[in-house]
Amino acid sequence: MRMDTSGAVRDMPAPPGVDEIAARFGDPVLAFAPQPRLEEFAAAQTMALGRFVEISLSYSFFRNPRNRADPVNQVPLTPEQKRAIERAENDHLPPWMVDQVTRMRYPVLWEAVRTSVPIPAERSRPLESRLAAHMGDVLRNTFPGRVRTRRGGMPVVAAALRDEDVVRGVPVVVDGEALRGYRVDTDPDVVAIGARVDGRYMTVVLDRKIVPDIRMEFVRRIPPRAAQQAPRR
């Protein structure tokens, strides 16, 4: 006898949203400055020694934000992905679940902007080590066919960055202010930047093909409720 679980699925509560996760992490959480081609949709958090040490924000990318149905916005899908989207749209699932599945249609900037806190007894060059780790995470999860070894001069995933990999003193704009940051532009697939912001570290790793279409400016993220309560200037 087959049990009908459709009702249970429809009643499943939504997982914690970006605002809730960001509130747990505390201020500041860094994010892309609002822009039409990017839509924030997910956050991931990392804990160590019983406290939150990282939060990473993911975005959907729309080359033509005025018409999301435009094929220019969409990525090639496998037959399995197409069937999953069709089921999600026709099985009366909760809206949050449908949204998660149907976002497969669009390019995702997976964990593109990461905010991390200092760690006691941390090794030297903390910003460089975070850039290397963030690059490794993005490459493993979004470029699965990529093999990176020391052969041919390409570092292994998450290897320490070499001095020649890092351009220092690069302006990184946060809330309209240019901070001194780092840029890594030696990888064939991704570009990375980082900066120290209010005692925390911001690292950003992006598919280099998308970088020209994005405004590389950032903000201290304000939850919608706090933004509504903020005094007008």
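Bear in mind these aren't lab numbers, they're just calculated from the coordinates by the rules spelled out. Everything numeric here is computed off the predicted structure, so don't read it as measured data. Cβ coordinates were reconstructed from backbone atoms using ideal geometry, including for glycine residues, and neighbour counts include every protein chain displayed.
Under 14 Å from the 7 Å Cα→Cβ point of Asp70, by amide nitrogen: which residues of the stretch 194-220?
Counting only backbone N, you get 213-214.
Using the count of nearby Cβ atoms within 10 Å as a rough guide to exposure, how do His92, His134 rank from fewest to most? Walk me through the numbers on the way to the answer.
Values: His92 11, His134 26.
Least crowded to most crowded, the residues run His92, His134.
Would any residue of the stretch 25-57 have its amide N under 16 Å from a label point 7 Å out along Cα→Cβ of Trp96? List them or say none.
Flagged as within label range: 41-45.
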